[in-house]
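The values are calculated or read from the model by the stated rules, or taken from the named source; none is laboratory data. The structure displayed is predicted, hence computed values, not measured ones. Reconstructed Cβ throughout: ideal geometry from the backbone, glycine too, with neighbour counts over all protein chains shown. Protein only, heavy atoms only, side chains kept; ligands, DNA and RNA dropped before computing areas. Shrake-Rupley method; radii C 1.70, N 1.55, O 1.52, S 1.80 Å.
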There are 2 protein chains.
Amino acid sequence: MNVDLRPHVKTHKTIQGALIQTEGLKSPKIVVSTMAEAQFFADSGHFSDILYAVPISEEKLYQTWELSQKINFHIEIDCEAHLQMIRRFALRNKRAKFSVFLKLDTGYHRCGADPEDRNTLNFARRISQPVGDNKESQITLAGIYSHAGHSYKAHTKEQRQEIANNDAKLLTDFYNKLQEHRVSCPTVSIGSTPSCSAIPSQSAVTEIHPGNYLFYDRMQAEIGSCNISDCAVSVLGTIIGAYPSRNTIAVDIGSLALSKDVCEEDGFGLVVGHPKLKLFSLSQEIGLMKGETNGDLQVGSLIRVSPNHSCLAAACFPKYHVIENDHVVDEWIPCRGW
Amino acid sequence: MNVDLRPHVKTHKTIQGALIQTEGLKSPKIVVSTMAEAQFFADSGHFSDILYAVPISEEKLYQTWELSQKINFHIEIDCEAHLQMIRRFALRNKRAKFSVFLKLDTGYHRCGADPEDRNTLNFARRISQPVGDNKESQITLAGIYSHAGHSYKAHTKEQRQEIANNDAKLLTDFYNKLQEHRVSCPTVSIGSTPSCSAIPSQSAVTEIHPGNYLFYDRMQAEIGSCNISDCAVSVLGTIIGAYPSRNTIAVDIGSLALSKDVCEEDGFGLVVGHPKLKLFSLSQEIGLMKGETNGDLQVGSLIRVSPNHSCLAAACFPKYHVIENDHVVDEWIPCRGW
């Protein structure tokens, strides 16, 4: 699609996963969702360009400065308060430099400034203004960024295409206005896993940043952005109880091993190989299933549950067991915490 | 109430919390929900009697045996498959001994055998039978146990009392039948946080095992088993964005910091001090709030969110900051994983 790939790594949070996502890229760029991830991936030495894609807050600025001296590290802002907080820091620390992405809202309505609001353009124009009497600009506008999270509610290919088109169009229009005002903006970054296969060729988009696609999950399969056979993670558990009089089976996979993300009416995860068995209840360490089993399941049998939301389920564990042909061939250790 | 307290420690998973719960007890007894907790609390040296209250599975029997040599360690069973699995292990390991609680279902319908089913009594009578040609019994029935988890759906004191009465009655009846058949059963253990204040005096109950009460949470306050001011844990976050045109405020508390347990229509947690501000959306690292704030909240302001379900929120973190008069006076490190 003639755009760069800047994969989001928050789904798996592992060096190995990010290396697969960036394999063959000359200067691997990634997106992270916590400062702990930023540090973890920067320290690995493999990723020289990292964007922390959550609006920045003051207590993270010192670590931001440190990371900026080591790699191309970028933060995101979307309002005057963010800019003023960075300018105050820059005034106190004259050698500090910040590379900033302006976060724009293209319909998800989580974070981001409105790209069609005239104030947003004026705001963007002021980002690089020198601080105090420093002639050199300490803050650089590195790009504009949107996350089309509303694509997770799109259930058809046409809807996803429309969201991708709109995402690209809003950022292209904004980019063109920046050009008119001679504001430098090297990067135009859009994306989400559901919408990332659809970038109109006429856009100013320079990179896309999907993330979940490395694992996919049942939610992505439900909305049609992958098949259920594409889902790469599952939680292994043991049947710990069978209660024929109540038609239920208990498994030692609870909400601490799967997270509690519900996928409409279909339960808390898909029991692999037993599509008619519904995981209908989750308490802390125990899951309850009912329905038809596909073959024999007894107390002691192992089952795998494919999570509704792989990002949240993966974050429950201190490591991944990497499986090839039913054998554990590797272990991946993810970054955890903040 | 003339019963022993065997607190459940799965809510906080800390030595310090369990010491508070058992302070002043001669031989502190606790309940745990994972084998990792069993090991963690046994290794601390403070708890000489630990019950792992999830139905046992085969791969845990060796660790069970090891723990049994160190402390009074008990496991739970509720069906023939569990008993046979232990008997097979005992046959292979003639010195192994197991102390077993029979788990009974008194209406929660998660795990547990039916106490009114004749087969359950027959099953209980066979638990202590010698294995192979070993004259000494390797398996001991240490007690009967129920968890009245359905009390979480009781919204009045009368309903909670009724559940507690029924819980105690079913176990008392079962205990009496065991007595008739001269089956030794030293412990009769019931309880849940909502129902634990109500034990009828005529019962055979010897101990109660509530757990959540150390922290309580919004869900417990909602059903009336505590007041909201009794809730002891909250998650501290920073306002990272304010979007007046959309009437939303973003905070850096997402589903990985709070879990995704919904409390009816009231959002994903209670914003402390701002009761009219609703945390209506949670993605991985970001929460969105809307509604009236009580005083000024700006980008950079700190807020505390009181979780709907303290057990799940607490499990998101590698440590607790213990607060007294707004100062951090201690750090508690919980057990994590399995």
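Here are a few things to note about the model shown:
- Contact order normalised by residue count of region A:136-266, Cα under 8 Å, 6+ apart, percent: 21 percent
- With label points set 7 Å from Cα along Cα→Cβ, the inter-copy distances at B:ASN165 are 6.6 nm, sorted shortest first.
- In sequence order, calculated HN-Hα J values of region A:7-14 (Karplus, 6.51, -1.76, 1.60; Hz; x Gly/Pro): x, 7, 10, 6, 5, 9, 6, 10
- For the axis carrying chain A to chain B: nearest C-beta residue of A, whole Å: A:LYS260, 2
- Region A:11-159, accessible surface, carbon-and-sulfur percent (1.4 angstrom probe): 49 percent
- Over chain A, relative contact order from alpha-carbon pairs under 8 Å, at least 6 apart, %: 15 percent
- For the chain pair A and B, the buried solvent-accessible surface (1.4 Å probe, both sides summed) amounts to about 3700 Å².
- Distances, shortest first, from the label point of B:GLY132 to those at the same position in the other copies read 8.0 nm; the point lies 7 Å along Cα to C-beta.
- Value in Å of the Kirkwood radius, where region A:99-216 supplies the Cα pairs that are averaged: 14.9 Å
- For A:TYR62, solvent-accessible area (1.4 Å; no DNA, RNA or ligand), Å²: 120 Å²
- All Cα pairs of region A:65-106, percent lying beyond 12 Å: 63 percent
- Reducing region A:208-279 and region A:78-122 to their Cα centroids gives an inter-centroid distance of 39 Å.
- Taking max minus min of the alpha-carbon positions on each principal axis, chain B gives extents of 78, 40, 36 Å, largest first.
- The long axis of helix A:61-70 is offset from the longest Cα principal axis of chain A by roughly 90 degrees.
- Lysine pair number, Cα distance threshold 29 Å (strictly under), region B:162-312, separation 8 or more or different chains: 6
- With its label point defined 7 Å out from Cα along the Cα-to-Cβ axis, B:ILE323 lies at 4.2 nm from the matching points of the other copies, in increasing order.
- 14 Å Cα-Cα reach of B:LYS157 towards aspartates and glutamates, excluding residues that sit fewer than 8 places from it in its own chain: B:GLU222
- Protein accessible area in region B:255-301, 1.4 Å probe - carbon and sulfur %: 45 percent
- Per residue, the average separation of C-alpha pairs within less than 8 Å and at least 6 apart gives region A:195-309 a relative contact order of 28 percent.
- Surface/4 of the Cα convex hull for the protein assembly as shown, nm²: 32.2 nm²
- Computed from Cα positions, the angle between helix B:157-180 and the longest principal axis of chain B comes to roughly 20 degrees.
- Derived value for region A:70-139: Kirkwood hydrodynamic radius 12.9 Å. Basis is the mean of 1/r over every pair of different alpha-carbon atoms.
- Highest-fluctuation residue, A:GLU222, A:GLU285, A:GLU59 considered, GNM on chain A with Cα pairs under 10 Å: A:GLU59
- The residues of chain B expose on average 44 square angstrom of accessible surface per residue, using a 1.4 Å probe on protein heavy atoms.
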